[in-house]
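Student: Before I ask anything, let me first share the structure, which is written out below as C-alpha cells.
Only the coordinates and a few stated rules stand behind these numbers; no lab work does. Given the structure is predicted, the values throughout are model-derived calculations rather than measurements. Quick reminder, even Gly has a Cβ in these numbers, built from the backbone with ideal geometry, and neighbours come from all protein chains shown.
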Amino acid sequence: MTKVLLTGASGYIGKHVTLQLLNQGYEVRASVRNLSKSAEVIDAVSPHLVDNSNLDSRLTFVELDLEKDSGWSDALNGIDVLMHTASPFPIASPKDENELIRPAVDGTLRALKAAQSAGVRRVVLTSSVAAVYGIELPEGKTAFDETMWTDTSHPIGQQAYTKSKTLAERAAWDFIKNEAPSMALTTINPVLVLGAPLDNNFGSSISLIERVLKGKDPMLPDLRFSIVDVRDVAQMHVQAIKNDATKGERILASAGTMSFVDIAKYLNTIYPQSKIRSGQAPGFVIKALSLFDGDIKAILPMLGKAMVTSGAKATRILGISFIPVDVTLRESADYLIKNGFIKK
Ligand code: NAP
C-alpha cells in the first residue's frame, strides 16, 4: 500500500485530502501540530469513509511543526509520497510578514530535505494562485495561467500571504532542481477554496461566505474571486500522484470567477430572508476607508481587476471536471446555516 505523509491534516483542505487518500486506498501518516488534534481529524473523516475497517493502521499521526526541526526525519521514514499542505493561512495579515514567510518557506524546505534523506521520490505541494497572480496580466492574455509567477515587488506580490506562498513554491522548485533532481514535484495552485468543510474547525476562506450571509459589509468592494471546490482540490492532490504527466508541473485549481456582488446576489436568491447586502461600494469609498484600515488597504491592488484564472491544465492533464461555482457557493452557505454560524 502506498504510504503518504500528509502535512497539515488538521486543515480545511487537509481533512478533505485525508478523506480522499483513505477512500482511494492510500495509507496516511498525517502530521498535526499537536497530537491532541488527531481525534478531530478522525471524527471529521470517519463518517465519510467508504470502509472504516483497520482505520488505526491506515491513518496514523505524527507531531510536526513547520518551525521546528524535531520529528521530520522519523516522520518521512518509510514514506512513498510527501504531500505538503501545511502553511499558515490567516484571515488578516500579521504586522510582521515573517510570521507567514518563515513557516511557509522553512517548513517547505524542512519537509523536502527530510523527504530527500528518506529516499522519497514523489512530492505534491499545496501552493496557491497567490504564487501566480501577483503581476499585471501579460499583453494578449485574458486569464492567469501556470506559466506566470508572482513578482514579490508588485503591490499584490508584496502582501504577506502572497509573498509567503510565492517564496515557498520558488524554494521548492529550486530545491528540486539544485539539490534533489531525482525527486518529482507537482504543485497544486488553488484559487479561493470554498465548499462544505468536514467539520466546524475550518480555515479562513469560508469566512468570505460567512461575511456575505451576515451582511457584515454595508456595501461590497469591486472584487472578483476565482473559486474552486475543496473536493476538487483534494481530488487533484490524489490524482497528481497517480499521473506521471503531472511530474514537474504547476497546476492551477480553478472552476470559475465571480464578482463579490454577484456572489452576494446569488446567495440572496437562495436565502432571501437573510441579511445579505449586495450593493457595490464606489471605489473612492474603499480608497478613503483604506486610510484607516490595513485590511481594506490590502485589497486596493485587486480593486476592479478581472482576476480570471484558467483551470484548463487541470482538466487537460488530470481530467478534472470542476464542480460548478454556484454548487460550491450554495453548499458552503448551507453548511454555515445548518451548523448555526449564521444567526437569524
Ligand atoms: P487551514 O485550515 O488554516 O490549514 C492550515 C494547516 O496548516 C493546518 O493544518 C495548520 O495546523 C497547519 N499549520 C499552519 N502553521 C503551521 C505550523 N507552524 N506548523 C505545522 N502546521 C502548521 O487552511 P487551508 O485553507 O486548509 O489551507 C491549506 C493549504 O492550502 C495552505 O498551504 C494554503 O496556503 C493553501 N491554500 C488555501 C486556499 C484557500 O482558499 N483555503 C487557497 C490556495 C491555497 P493547525 O490546525 O495546527 O493550525
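Student: Look at the range 165-196 and say how many of its residues are touching a helix residue (DSSP H, G or I) at 6+ places or on another chain (Cβ under 6 Å), surrounded by fewer than 24 Cβ atoms within 10 Å (Cβ to Cβ) and not aliphatic (A, V, I, L, M).
Tutor: Number of matching residues: 1.
Student: With respect to Leu49, determine if the residue is away from the ligand (no atom under 14 Å from the Cβ) and under 23 Å from the mean Cα position of the chain (by Cα). Show your work before the answer.
Tutor: On the way: away from the ligand (no atom under 14 Å from the Cβ): yes; under 23 Å from the mean Cα position of the chain (by Cα): yes.
Taking the combined requirement at face value, the residue satisfies it.
Student: Could you tell me whether Ala92 is assigned to a loop (DSSP other than H, G, I, E, B), in contact (Cβ under 8 Å) with a residue 24 or more places away in the chain, within 16 Å of the ligand (Cβ to nearest atom) and small (Gly, Ala, Ser)?
Tutor: Working: assigned to a loop (DSSP other than H, G, I, E, B): yes; in contact (Cβ under 8 Å) with a residue 24 or more places away in the chain: yes; within 16 Å of the ligand (Cβ to nearest atom): yes; small (Gly, Ala, Ser): yes.
Yes.
Student: Moving to a separate point now. Does any residue of the range 240-257 turn out to be surrounded by fewer than 24 Cβ atoms within 10 Å (Cβ to Cβ) and closer than 24 Å to Asp295 by Cα?
Tutor: yes
Student: Which of the following residues is farther than 29 Å from Leu303 by Cβ and in contact with a strand residue (DSSP E or B) (Cβ under 9 Å, 6 or more places away or on another chain): Leu109, Leu137, Leu125?
Tutor: On the way: Leu109 fails: in contact with a strand residue (DSSP E or B) (Cβ under 9 Å, 6 or more places away or on another chain); Leu137 fails: farther than 29 Å from Leu303 by Cβ.
Only one candidate qualifies: Leu125.
Student: Assuming Tyr266 fulfils every condition listed in (1) in contact with a strand residue (DSSP E or B) (Cβ under 8 Å, 6 or more places away or on another chain); (2) of a type outside the set (D, E, K, R); (3) closer than 25 Å to Met148 by Cβ apart from one, which condition is it?
Tutor: Of the numbered conditions (1) in contact with a strand residue (DSSP E or B) (Cβ under 8 Å, 6 or more places away or on another chain); (2) of a type outside the set (D, E, K, R); (3) closer than 25 Å to Met148 by Cβ, the odd one out for Tyr266 is (3).
Student: Only one of these is touching a helix residue (DSSP H, G or I) at 6+ places or on another chain (Cβ under 9 Å), surrounded by fewer than 14 Cβ atoms within 10 Å (Cβ to Cβ) and of a type in the set (A, V, I, L, M): Val50, Val129. Name it.
Tutor: Working: Val129 fails: surrounded by fewer than 14 Cβ atoms within 10 Å (Cβ to Cβ).
So the residue among Val50, Val129 that is touching a helix residue (DSSP H, G or I) at 6+ places or on another chain (Cβ under 9 Å), surrounded by fewer than 14 Cβ atoms within 10 Å (Cβ to Cβ) and of a type in the set (A, V, I, L, M) is Val50.
Student: Scan the range 1-15 and report the pairs whose first residue is within 16 Å of Val123 (Cβ to Cβ) and whose second residue is among the acidic types (Asp, Glu), with Cβ atoms within less than 6 Å and a gap of 6+ or a chain change.
Tutor: Between residues of the range 1-15 that are within 16 Å of Val123 (Cβ to Cβ) and residues that are among the acidic types (Asp, Glu), the close pairs are Thr2/Asp80; Lys3/Glu27; Lys3/Asp80.
Student: Counting only residues that are touching a Lys or Arg at 6+ places or on another chain (Cβ under 8 Å) and among the charged types (D, E, K, R), which one in the range 211-239 is surrounded by the fewest Cβ atoms within 10 Å (Cβ to Cβ)?
Tutor: Going through the qualifying residues, I end up with Asp217.
Student: Right, another one. Can Ala288 be described as closer than 12 Å to Leu220 by Cα and of a type in the set (Gly, Ala, Ser)? If you could, list the steps in order and put the result at the bottom.
Tutor: Values: closer than 12 Å to Leu220 by Cα: no; of a type in the set (Gly, Ala, Ser): yes.
Taking the combined requirement at face value, the residue does not satisfy it.
Student: Could you list, in sequence order, the residues of the range 214-232 that are in contact with a helix residue (DSSP H, G or I) (Cβ under 6 Å, 6 or more places away or on another chain) and among the aliphatic types (A, V, I, L, M)?
Tutor: The answer is Leu220, Leu223, Ile227, Val230.
Student: Of the conditions (1) loosely packed, with under 14 Cβ neighbours inside 10 Å; (2) more than 12 Å from the ligand (Cβ to nearest atom); (3) in contact (Cβ under 8 Å) with a residue 40 or more places away in the chain; (4) farther than 22 Å from Asp199 by Cα, Glu67 fails just one. Which one is it?
Tutor: (2)
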